[in-house]
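Have a look at the structure below before the remarks.
The values are calculated or read from the model by the stated rules, or taken from the named source; none is laboratory data. In this text, all values refer to a predicted model and were calculated from it rather than measured experimentally. Cβ placement follows ideal geometry from the backbone for every residue including glycine, while neighbour counts extend to all protein chains displayed. These accessible areas exclude ligands, DNA and RNA; they are computed on the full protein's heavy atoms, side chains included. Shrake-Rupley method; radii C 1.70, N 1.55, O 1.52, S 1.80 Å.
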Amino acid sequence: MTWAVYLWQLGVCLCAIGLAPLFAGWVGQCRALLQNRSAPSLWQPYRVLRKLFHKEATLANDASWLFRGAPYVVFAAMVLAAAIIPSLTTELPAARVADAIALVGLFATARMFMALAAMDVGTAFGTMGARREMMIGFLTEPALLMVLFNAFLMAGTTALPAIVQNTLTQSQVTLHPSLAFAAVAFVMVLLAENARLPIDNPTTHLELTMIHEAMTLEYSARHLALIEWASWLKLFNYACIGFTLFAPWGIATHGVSPGGIALAMLALVAKLAVAGAALALFETASAKLRLFRAPEFLTMAFLLAVLGLLVHLLLKG
Amino acid sequence: MNEWAAASPTVTALLGLVAGWLLVGGLGLVRPTGVGWVARVLFPLGALIGLGVAAAGVVSLMPAFATQQVVLPLGLPDLPFHVRLDALSGFFLVLLGVAGAGISIFSAGYFRAGEGTAPGLLCLQYHVFLASMAMVVLADDAYLFMVAWETMALSSYFLVTTQHRLPEIRRAGFLYLLMAHVGALGILLCFGVLHGGSWQMTFDAMRASTLAPLWAGIAFLLALVGFGTKAGMVPLHVWLPEAHPAAPSPVSAMMSGLMLKTAIYGLLRVSLDLLSVGPWWWGVLALVMGLFTALYGVIFAAVQTDMKRLLAYSSIENIGLILAGIGLVLIFRTFDLRVLAALALAAVLIHAFNHALFKSLLFLATGSVMHATGERSLGKLGGLIRRMPWVAAFALIGSLAIAGLPPLNGFVSEWLLLQTFLQSPHIPHAFLDMIVPLGAAVIALAAALAGYVMVKFYGVVFLGQHRESSLATARDASRLERIGLGWLALGCVLVGAFPQVALDVAGRVTQALVGATAQRGPSPWWMTPTAANQASYSGLWYWAGLLLVTGVTFLLVRRFYRGRSRRTAPWDCGYPWQTPRMQDSAEGFGQPIRHLFGPIFKIEREVPRPSDVAPAYRIEIEDRFWVACYQPIGRLLQRVTERMAVLQGGRLSVYLLYSFLTLIFLLVCVL
């Protein structure tokens, strides 16, 4: 039956690749509804992908192999991240290959390649976007790691499936104070990492305020499609990390059976629907921060996560 | 002679190899100005000897190997040289040999121009430097250790001042020599304490001596200061960002990649081998100093505008990580948590090895860039990926490795270090178990900042538009240089793909020093240092997954994509007029860090006014330690020596009077 596990592993990856644009579409729809605009279709991201994959790609004259290769690396990193996050089941062979620290490494890989590719053509906006992205990144990465450390210390492991199992086997539902700190920090990291308000606006094209969009300016057609897809996958992955750490109910733990997976799928879709709506609500309610207020926001996330760690260690005895 | 050759063949072979290095150096003097002779014959020969040293080191790390000791018929009467090869020495010899071979083969292609010092003399200094580092690692008594240590300092001083005609390089060299001797003084005093009144200078006697807790503490502090000065521990780091840029790039690579590691070796030798188990504050002190050094180094690296200074500060950061790891080893050792001490020590050793690989690689890459462009300042480079694809590819591997990205080698050691921090709540001490785990936050922050620094380094040097028109004619590195770079890059990839092998090798050293090893994985492909269900990582499968997914994506896109590609002018939001000066400069890229960590720096800035005819922008960032600690000491010394200078009146009769008075004084003392 070992091969079945690998098949499920493949299934989890494909499910993430397939569902991610839908989740992005859902968030976009919620945002539009909350902002009194007429909402785009739920399938809009798929249409965007189809459109981009049908276009002729233009490359800047000076673009090097790094520029052409980066979208593939970024996309692959996000797919691998999806492979090790227990979104549906904890029986993931890939989660043994790379634990949650390596997951942070995968996000860092994607970020670095994206920033390097943005600097490759050598335009003013590209380098500006790369600089800002790295500024956000060097604060979110340790903050995310510290959020995960809270979970590591609680479960005594750095493997995400084991963390899920640990949470699910606890007989009573107790609210750990350290996890409360970690959860707030995690939401802040999620917003910053996925180019969401109040740090960045995913729909902006105002040159001087954009971060993520500034890095993708020179990309078109298939390369842009991969990058967009990767950024949707990233949002999806972050949402799944959140479910793994703070709301793991519904994830299939004991063996893999089609029934268990179906149930997990239902739970996942329900959780995603709620999370997407909450994200849209939060984004609608908040205004964009000035760029130099962003580090304060992120430092707060980092310190909250560290505080959570301290609370855990204090209450341990 | 033959008896000990038979009893300890590996040490004999090693001494032969070290003598070989000295011989190669001496042969350089046969034709001091012959560039071809030195480059085509001697440096490749030195690289081969380096491989031999690495092989001998590997032999000493085999499970069946027993420690070998030899007393050489050299040195002063009654004070012969003692040499010893054990697992710790062996590990550092592998490091020295592997990285040294890569640097030597690169040097064969690099020193073709014959800059500054005559090539033959340079070859002598270079190989004496290598040989002295090997002897530092092999020494088994304080006497030989100090002789080798000082030879290392002097030979590297001459190498740093290769371009001795430039006054700023002489100044950097002097600062280096001065700090090297402050450090050496600390080490000498440390050995003076360690013999414990027996006046036996062999390391065996020092192991046997029992020190009172106070004296043991003093010995540890002296070792931390002495070796910390050489390693670049903040606030004793000031020489490092001056000396590294001054030296030719292969020498910077050797100093940063290898020489700093001999200081780590010394600290490990003294604190884990010669001293017995100490109180917990030793470890906490090393941990705090390490964390501070790491953060300080990386923040300063982010604001540098000279590519070699940037790498020098990045070395300070890495030394900080290593030092923090040593702190953890000492803390665990105090509480007799041997397996955890072994885990921390393995992280330290593997990170030292990794740093030797990727930092040498990057320094060599800057050497190629400097040869091709004549520029060291980040503000005048850019776009070299198109002119120097080989160097750019190898430097990319080095940059990603140093940023700690999986599946390269930097990730492995950082992963191990974080795993160690995760185990630190097991410390049976009421406060340490809460405070020590928080160190992981600093490590995580430093690692993330290292990513920032490397994007800046790589992006500004290799990506974008040429910032100077002369760069358009830059040529890629020569074949020998590429081999050297490729060798080190291969090392980065291999250690990343087979971390368990590195962990096993480090396990031999940890077995010898702390009496335990991290847990073995089920096979060489898996690394599970604590327990399989707690943490596992497989570099090889990670590589496989990454390549597979990237490849499949690429093939699918190729298969189903209907459009074609077209080259055009960059879009840049439709702005038609673009110049290379519109890209971020090195200052610009470091601006967020400067803004965020402003109070740490001492910033001097000249901003042009609207009325300026030739507007110029200048910013200088100074080290607060330099201003607050070193300059007052320097001024004080200056004032004292000026007072003393009154004695030197220049009249013979006065000097004779001094002699006469001294004589009287001594006579009074004797009588």
Would you mind finding the one in A:Ala63, A:Ala83 that is within 30 Å of A:Gly255 (Cβ to Cβ) and either touching a Lys or Arg at 6+ places or on another chain (Cβ under 6 Å) or small (Gly, Ala, Ser) (or both)?
-> A:Ala83
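Among the residues in segment B:391-407, are any outside any helix (DSSP H, G or I), more than 10 Å from chain A (Cβ to nearest Cβ) and either open to solvent by less than 10 Å² (accessible area, probe 1.4 Å) or hydroxyl-bearing (Ser, Thr, Tyr) (or both)? Even if it seems obvious, please write down each step before you answer.
At the first step, the residues of segment B:391-407 found to be outside any helix (DSSP H, G or I) are B:403-407.
Adding the requirement that they be more than 10 Å from chain A (Cβ to nearest Cβ) leaves none.
So far as segment B:391-407 goes, no, none of its residues is outside any helix (DSSP H, G or I), more than 10 Å from chain A (Cβ to nearest Cβ) and either open to solvent by less than 10 Å² (accessible area, probe 1.4 Å) or hydroxyl-bearing (Ser, Thr, Tyr) (or both).
With the structure loaded, tell me whether A:Leu153 is in a helix (DSSP H, G or I) and open to solvent by less than 10 Å² (accessible area, probe 1.4 Å) or whether it fails that test. Before you say what the answer is, go through the steps one by one.
Working: in a helix (DSSP H, G or I): yes; open to solvent by less than 10 Å² (accessible area, probe 1.4 Å): no.
It is false that A:Leu153 is in a helix (DSSP H, G or I) and open to solvent by less than 10 Å² (accessible area, probe 1.4 Å).
Residues checked against (1) over 23 Å from A:Ala277 (Cα atoms); (2) touching a strand residue (DSSP E or B) at 6+ places or on another chain (Cβ under 7 Å); (3) among the acidic types (Asp, Glu):
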| residue | (1), (2), (3) |
| --- | --- |
| A:Cys30 | no, no, no |
| A:Asn36 | no, no, no |
| A:Trp43 | no, no, no |
| A:Tyr46 | no, no, no |
| A:Asp62 | yes, no, yes |
| A:Ala70 | yes, no, no |
| A:Val74 | yes, no, no |
Failed criterion for B:Gly551 (all others in (1) at pLDDT below 80; (2) more than 30 Å from A:Phe152 (Cα to Cα) hold) = (1)
Within segment A:23-52, tally of residues that are open to solvent by 40 Å² or more (accessible area, probe 1.4 Å) and more than 22 Å from the chain's Cα centre (by Cα) = 10
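Can you pull out every residue in segment B:531-573 that is assigned to a loop (DSSP other than H, G, I, E, B) and surrounded by 20 or more Cβ atoms within 10 Å (Cβ to Cβ)? Write out each step before concluding.
In the first step, residues of segment B:531-573 are kept if they are assigned to a loop (DSSP other than H, G, I, E, B); the result is B:531-536, B:538, B:561-564, B:569-571.
Once the filter is applied, which keeps residues that are assigned to a loop (DSSP other than H, G, I, E, B) and surrounded by 20 or more Cβ atoms within 10 Å (Cβ to Cβ), segment B:531-573 yields B:Gln534, B:Ala535, B:Ser536, B:Ser538, B:Pro570.
Yes or no, residue by residue, for (1) open to solvent by 20 Å² or more (accessible area, probe 1.4 Å); (2) over 19 Å from B:Ile105 (Cα atoms); (3) more than 9 Å from chain A (Cβ to nearest Cβ); (4) touching a Ser or Thr at 6+ places or on another chain (Cβ under 7 Å):
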{"site": "B:Leu349", "(1), (2), (3), (4)": "no, yes, yes, no"}
{"site": "B:Phe358", "(1), (2), (3), (4)": "no, no, yes, no"}
{"site": "B:Phe363", "(1), (2), (3), (4)": "no, no, yes, yes"}
{"site": "B:Gly367", "(1), (2), (3), (4)": "no, no, yes, yes"}
{"site": "B:Gly379", "(1), (2), (3), (4)": "yes, yes, yes, yes"}
{"site": "B:Gly383", "(1), (2), (3), (4)": "no, yes, no, no"}
{"site": "B:His426", "(1), (2), (3), (4)": "yes, yes, yes, no"}
{"site": "B:Phe431", "(1), (2), (3), (4)": "yes, yes, yes, no"}
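Can you tell me which of B:Gln583, B:Gln631, B:Gln591 is open to solvent by less than 50 Å² (accessible area, probe 1.4 Å), polar (S, T, N, Q) and under 34 Å from the mean Cα position of the chain (by Cα)?
Values: B:Gln631 fails: open to solvent by less than 50 Å² (accessible area, probe 1.4 Å); B:Gln591 fails: open to solvent by less than 50 Å² (accessible area, probe 1.4 Å).
It is B:Gln583.
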State whether one or more residues within segment B:309-316 are among the basic types (Lys, Arg), open to solvent by 10 Å² or more (accessible area, probe 1.4 Å) and over 18 Å from B:Gly100 (Cβ atoms).
-> yes
Do we find a residue being of a type in the set (A, V, I, L, M), loosely packed, with under 10 Cβ neighbours inside 10 Å, away from chain A (no Cβ under 11 Å) and without any contact (Cβ under 8 Å) to a residue 60 or more places away in the chain anywhere in segment B:597-615?
-> yes
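Considering only segment A:141-167, state which residues are out of contact with any Ser or Thr (no Cβ under 6 Å at 6 or more places or on another chain) and more than 8 Å from chain B (Cβ to nearest Cβ).
First, the residues of segment A:141-167 that are out of contact with any Ser or Thr (no Cβ under 6 Å at 6 or more places or on another chain): A:141-149, A:151, A:153-159, A:162-163, A:166-167.
A:Ala143, A:Leu144, A:Val147, A:Leu148, A:Ala151, A:Met154, A:Ala155, A:Ile163, A:Asn166, A:Thr167, listed by residue number.
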Checking B:Pro576 against (1) within 7 Å of chain A (Cβ to nearest Cβ); (2) of a type outside the set (Asp, Glu); (3) not in a helix (DSSP H, G or I), which single condition isn't satisfied?
-> (1)
Every residue from segment B:452-475 that is open to solvent by less than 10 Å² (accessible area, probe 1.4 Å), closer than 17 Å to B:Arg376 by Cα and of a type in the set (Ser, Thr, Tyr) = B:Tyr458
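Could you name every one of the helices (runs of 4 or more DSSP H) located completely within segment A:182-300 that has at least 1 residues being exposed (fewer than 15 other Cβ atoms within 10 Å of the Cβ) and in contact with a Cys (Cβ under 9 Å, 6 or more places away or on another chain)? Step through it out loud before you land on a result.
Working: elements: A:212-215, A:221-246, A:258-285.
Here the list reads A:258-285.
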Within segment B:60-95, which residues are among the hydroxyl-bearing types (Ser, Thr, Tyr) and open to solvent by less than 40 Å² (accessible area, probe 1.4 Å)?
-> B:Ser60, B:Ser89
Of all residues in segment B:276-307, count the ones that are surrounded by fewer than 23 Cβ atoms within 10 Å (Cβ to Cβ) and in a loop (DSSP other than H, G, I, E, B).
-> 5
Within the bounds of segment B:204-212, is there any residue that is of a type in the set (Lys, Arg) and open to solvent by 10 Å² or more (accessible area, probe 1.4 Å)?
-> yes
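In segment A:71-130, which residues are among the β-branched types (Val, Ile, Thr) and within 9 Å of chain B (Cβ to nearest Cβ)? Show your work before the answer.
Taking segment A:71-130 first, the residues among the β-branched types (Val, Ile, Thr) are A:73-74, A:79, A:84-85, A:89-90, A:97, A:101, A:104, A:109, A:121, A:123, A:127.
If the condition is that a residue be among the β-branched types (Val, Ile, Thr) and within 9 Å of chain B (Cβ to nearest Cβ), then A:Val73, A:Val79, A:Val97, A:Ile101, A:Val104, A:Thr109, A:Val121, A:Thr123, A:Thr127 are the ones that fit.
Suppose the filter is in contact (Cβ under 8 Å) with a residue 24 or more places away in the chain, under 27 Å from B:Ser478 (Cα atoms) and in contact with a Phe, Trp or Tyr (Cβ under 7 Å, 6 or more places away or on another chain); does B:Ala39 pass it? Can you show your working first?
Details: in contact (Cβ under 8 Å) with a residue 24 or more places away in the chain: yes; under 27 Å from B:Ser478 (Cα atoms): yes; in contact with a Phe, Trp or Tyr (Cβ under 7 Å, 6 or more places away or on another chain): yes.
Yes; evaluated as a whole, the condition is true for this residue.
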A:Glu91 vs (1) out of contact with any Phe, Trp or Tyr (no Cβ under 7 Å at 6 or more places or on another chain); (2) closer than 22 Å to B:Trp541 by Cα: all pass except (1)
Might you check whether a residue that is at pLDDT 90 or above, closer than 28 Å to B:Ser107 by Cα and surrounded by 23 or more Cβ atoms within 10 Å (Cβ to Cβ) occurs anywhere in segment B:440-451?
-> yes
If the Cβ limit is 6 Å and pairs must be 6+ apart or interchain, which residue in segment B:391-409 that is farther than 15 Å from B:Ser314 by Cβ pairs with which residue that is among the β-branched types (Val, Ile, Thr) and outside any helix (DSSP H, G or I)?
-> none
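Within segment A:59-70, which residues are at the interface with another protein chain (Cβ under 9 Å from one of its Cβ atoms) and either open to solvent by less than 40 Å² (accessible area, probe 1.4 Å) or within 21 Å of B:Val455 (Cα to Cα) (or both)?
From segment A:59-70, those at the interface with another protein chain (Cβ under 9 Å from one of its Cβ atoms) are A:59-69; that's our starting set.
A:Leu59, A:Ala60, A:Asp62, A:Ala63, A:Ser64, A:Trp65, A:Leu66, A:Phe67, A:Arg68, A:Gly69 - these are the residues of segment A:59-70 that are at the interface with another protein chain (Cβ under 9 Å from one of its Cβ atoms) and either open to solvent by less than 40 Å² (accessible area, probe 1.4 Å) or within 21 Å of B:Val455 (Cα to Cα) (or both).
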In the set A:Leu281, A:Leu309, the lone residue that is over 18 Å from A:Thr203 (Cβ atoms) and not β-branched (Val, Ile, Thr) is A:Leu309
Return yes when A:Ala252 is out of contact with any Lys or Arg (no Cβ under 6 Å at 6 or more places or on another chain), aliphatic (A, V, I, L, M) and at pLDDT below 90 and no when it is not.
-> yes
